[in-house]
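Reading through the structure tokens given below for one structure.
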Amino acid sequence: MVDHSMRGLAEPRPLRLAAVLLLAGVVVTAVAGFLHPEGADANDHPAIFAIYAASRSWTAVHLGQFVGMAIIVFGLVALFYALDPPAGAGLWLNRMAVVTGTAALALYGVLQAVDGVALKQAVNAWAAAEDADKAGRFASAEAIRWLEWAVRSYQSYVFGLALVLFGAAIVTMAGRVPRPIGYLMALSGLCYVTQGWIIGTSGFSSATSIPTLLGIVLVVAWSIWLLVTALRMTSSTGGAAPNRVGV
């Protein structure tokens, strides 16, 4: 039988892996976001579509964003194994969190296919169209843009929920992960949920700026804190996970 006496204490090695992946994913996503073409109000479609059509790095930037989100979700999966809570609320919160995080990655893949591929092709066709065809091409590009709003909105909901659930799992445990990290994770998740609501109702308006910026700051804060915690655990335990009796 398995000795459950150490369950509820985060294991150092998986926690360190989780922290490294989470922070690396944040960095990759930030770099890709920095390279994203900007220069006009995102809801001013004629102006922003012209910028998108002129971009030569569009597809690569969005692939980079997807890679960043994939690394973040891999980090959340590692966190699921690192937490390994005992039976009870923490166990179920942890399980629901990893399922929700996986769903968030799937939605993000759809989002980047719509935004990074379909929208780019649509705005390219609009920019190159003859005057007689421009109205129809623009309508097609705008429809894809609205589809992007829809997928981004629900991806933000699901990703935000995953962070809230992971945060709640940490808070309910009496393990080695400081509970304030759980609170910060949950708060960052609420920022993404708020972002999802705003995008779903008004697109990429300036109203998304505050929850987006706050969410990024909080994610950076708790991911760095988690990494510091994991490194301290590793140095204090010699890198060994808690002992278990074999099955």
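The values are calculated or read from the model by the stated rules, or taken from the named source; none is laboratory data. Computed from a prediction, not measured in an experiment: that's the story for all the values here. Neighbour counts run over all protein chains shown; Cβ positions are idealised from the backbone, glycine included.
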Which condition breaks for V114 when tested against (1) closer than 22 Å to L218 by Cα; (2) modelled with pLDDT of 95 or more; (3) in contact with an Asp or Glu (Cβ under 7 Å, 6 or more places away or on another chain)? (1)
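In this structure, does K134 turn out to be in a helix (DSSP H, G or I), over 17 Å from Q65 (Cα atoms) and of a type outside the set (S, T, Y)? Spell out how you get there, then give the answer.
Working: in a helix (DSSP H, G or I): yes; over 17 Å from Q65 (Cα atoms): yes; of a type outside the set (S, T, Y): yes.
Yes.
Please work out which residue is surrounded by the fewest Cβ atoms within 10 Å (Cβ to Cβ), limiting yourself to the stretch 190-208 and to residues that are assigned to a helix (DSSP H, G or I), of a type in the set (A, V, I, L, M, F, W, C) and touching a residue at least 40 places away in the same chain (Cβ under 8 Å). Steps first, answer last, please.
Our first condition is that a residue be assigned to a helix (DSSP H, G or I); within the stretch 190-208, this holds for 190-202, 206-208.
Subset that is of a type in the set (A, V, I, L, M, F, W, C): 190-191, 193, 197-199, 207.
Add one more test, that the residue is touching a residue at least 40 places away in the same chain (Cβ under 8 Å), and what stays is 197, 199.
Values: W197: 17, I199: 25.
Looking at the filtered set, the residue picked out is W197.
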Taking the stretch 209-241 only, how many residues are loosely packed, with under 14 Cβ neighbours inside 10 Å, among the aliphatic types (A, V, I, L, M) and at pLDDT 85 or above? 4
Can you pull out the residues in the stretch 68-95 that are part of a loop (DSSP other than H, G, I, E, B) and either among the small types (G, A, S) or within 13 Å of L165 (Cβ to Cβ) (or both)? P85, A87, G88
Any idea which residue in the stretch 72-95 is farthest from the chain's Cα centre (by Cα), counting only those that are modelled with pLDDT of 90 or more and of a type outside the set (A, V, I, L, M, F, W, C)? R95
What do you reckon, is V123 in contact (Cβ under 8 Å) with a residue 12 or more places away in the chain, more than 16 Å from the chain's Cα centre (by Cα) and surrounded by fewer than 16 Cβ atoms within 10 Å (Cβ to Cβ)? no
So, first residue at pLDDT 95 or above in the stretch 133-154, second residue acidic (D, E) and in a helix (DSSP H, G or I), Cβ within less than 8 Å, six or more apart or across chains; the pairs are E148/D115; R152/D115
Could you identify the single residue in L91, L79 that is more than 23 Å from Q121 (Cα to Cα) and surrounded by fewer than 20 Cβ atoms within 10 Å (Cβ to Cβ)? L91
Can you list residue pairs whose Cβ atoms sit under 7 Å apart, with the first residue in the stretch 44-73 being under 13 Å from V28 (Cβ atoms) and the second being among the charged types (D, E, K, R)? Count only pairs 6 or more apart in sequence or on different chains. H62/D115
Of the residues T29, T59, only one is in contact with a Lys or Arg (Cβ under 9 Å, 6 or more places away or on another chain) and of a type in the set (V, I, T); which? T59
Please give the number of the condition P37 fails out of (1) part of a loop (DSSP other than H, G, I, E, B); (2) over 21 Å from W146 (Cβ atoms); (3) within 23 Å of the chain's Cα centre (by Cα). (2)
Within the stretch 215-224, does at least one residue satisfy the condition of being free of Cβ contacts under 8 Å to residues at least 24 places away in the same chain, assigned to a helix (DSSP H, G or I) and over 16 Å from the mean Cα position of the chain (by Cα)? no
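Out of all the residues in the stretch 169-189, which are under 14 Å from D84 (Cα atoms) and crowded, with 22+ Cβ neighbours inside 10 Å? If you could, list the steps in order and put the result at the bottom.
Within the stretch 169-189, the first condition is being under 14 Å from D84 (Cα atoms), and the residues that meet it are 169-177.
Residues satisfying the conditions are A169, I170, M173, G175, V177.
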Output yes when any residue across the stretch 141-164 is surrounded by fewer than 19 Cβ atoms within 10 Å (Cβ to Cβ) and farther than 23 Å from Q195 by Cα, and no when none is. no
Just checking, which of A30, A42 is among the small types (G, A, S) and within 26 Å of T229 (Cβ to Cβ)? A30
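Scan the stretch 108-131 and tell me whether some residue there is in contact with a helix residue (DSSP H, G or I) (Cβ under 6 Å, 6 or more places away or on another chain) and not in a helix (DSSP H, G or I). If you could, list the steps in order and put the result at the bottom.
If we filter the stretch 108-131 for residues that are in contact with a helix residue (DSSP H, G or I) (Cβ under 6 Å, 6 or more places away or on another chain), which is where we start, we get 108, 110-112, 114-116, 118-120, 122-127, 129.
Next cut, not in a helix (DSSP H, G or I) only: 129.
Looking through the stretch 108-131, at least one residue is in contact with a helix residue (DSSP H, G or I) (Cβ under 6 Å, 6 or more places away or on another chain) and not in a helix (DSSP H, G or I).
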